[in-house]
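The values are calculated or read from the model by the stated rules, or taken from the named source; none is laboratory data. Please read these numbers as outputs of a predicted model, since none were measured by experiment. Positions of Cβ are backbone-derived with ideal geometry, glycine not excepted, and every protein chain shown enters the neighbour counts.
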C-alpha cells in the first residue's frame with residue numbers, strides 16, 4: 001500500500017494531525033492505522049458482566065478511535081496554566097491561541113457551548129485570598145465539560161468527517177516496524193491480526209499511547225537502521241481531556 005502520509009495512532013494527536021492536513025487543503029492520501037476499533041464498534045463487556053474482564057489484546061476503554069477520551073467525562077481545560085509544557089515551548093500567548101483553536105474544533109463538532117468556572121467571582125476571590133495565605137496558588141481554569149455521551153458523539157462526528165474527506169482508517173492494526181532507508185523513515189509495517197503488510201509513505205507520523213512514550217513497545221526500524229528510543233518529550237495539546245481543575249470549596 002502507498003500513501004503520502006501515514007499516521008500511527010488514532011488518539012487525539014493523530015486525529016488532529018489528519019484534521020489539520022485536511023483543513024490546509026492537502027491533496028495527499030492519508031492513511032491512519034489504529035490498534036483498536038472505530039468508535040462505533042468499541043464495547044466494554046463490564047456493562048454486562050459488572051466487572052473488568054481484562055480484555056485482550058487491548059482494552060476497549062483505552063484503545064480505539066479517540067483513545068480513552070471516547071469514554072471519559074470529557075473535560076477540556078481552556079487555560080494555558082494547566083496541561084503541560086506547551087507555554088514553555090511556544091510561549092503563553094501562542095499556547096493560548098492553540099488552545100482556543102482546538103476548542104473551536106470541538107465546538108464545531110457539537111461540544112456544549114457552556115463553560116464552567118466563569119461564575120462565582122466573589123467566592124473565587126475569597127478562595128484565592130485563603131490560598132495565598134496558605135502559600136498556594138489558585139489557578140482560574142475555565143472548563144468545557146462534554147460529558148461521557150456527548151464526548152462519544154463529538155468523536156464519532158470527527159471520525160465520520162475524516163472518512164468522508166478521504167482519510168483511510170485501518171482499525172485492528174498494529175505498527176510492527178518502521179521502514180528506514182538512508183536514514184529516512186519511508187513508512188511502516190502494519191499487522192492486522194493475520195499478516196504483515198507494508199505502507200510506503202513520504203511522511204510518517206507516529207504517536208504512540210502515553211505508556212509507550214518512554215520507549216516501551218515501540219517498533220524497531222527495518223533495513224539495518226537502528227531505532228533510537230530515547231526519552232520522548234511531548235508538547236501536550238492545549239485543550240486536554242480529563243485534566244480540568246475545579247474550583248475548590250475550601251483550602
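With respect to the conditions (1) crowded, with 16+ Cβ neighbours inside 10 Å; (2) part of a loop (DSSP other than H, G, I, E, B); (3) touching a helix residue (DSSP H, G or I) at 6+ places or on another chain (Cβ under 7 Å), residue 79 lacks only one, and its number is (3). Taking the range 162-204 as the range and being under 20 Å from the mean Cα position of the chain (by Cα) and in a strand (DSSP E or B) as the test, the residues that pass are 168, 169, 170, 171, 174, 175, 203, 204. For the range 13-38, the set of residues classified as in contact (Cβ under 8 Å) with a residue 12 or more places away in the chain, outside any loop (DSSP other than H, G, I, E, B) and surrounded by fewer than 22 Cβ atoms within 10 Å (Cβ to Cβ) consists of 13, 16, 17, 19, 21, 22, listed by residue number.
Select from the range 39-64 the residues that are in a loop (DSSP other than H, G, I, E, B), more than 15 Å from residue 174 (Cβ to Cβ) and in contact (Cβ under 8 Å) with a residue 24 or more places away in the chain and list them in ascending order.
Let us first name the residues in the range 39-64 that are in a loop (DSSP other than H, G, I, E, B), namely 42-45, 50-64.
After this cut, where a residue has to be more than 15 Å from residue 174 (Cβ to Cβ) as well, the list is 42-45, 50-55, 60-61.
Hits for the range 39-64 are 42, 44, 60.
The set of residues in the range 8-17 that are in contact with a strand residue (DSSP E or B) (Cβ under 9 Å, 6 or more places away or on another chain) and more than 15 Å from residue 38 (Cα to Cα) comprises 13, 17. In the condition set (1) more than 17 Å from the chain's Cα centre (by Cα); (2) modelled with pLDDT of 90 or more, residue 100 is compliant with all but (1).
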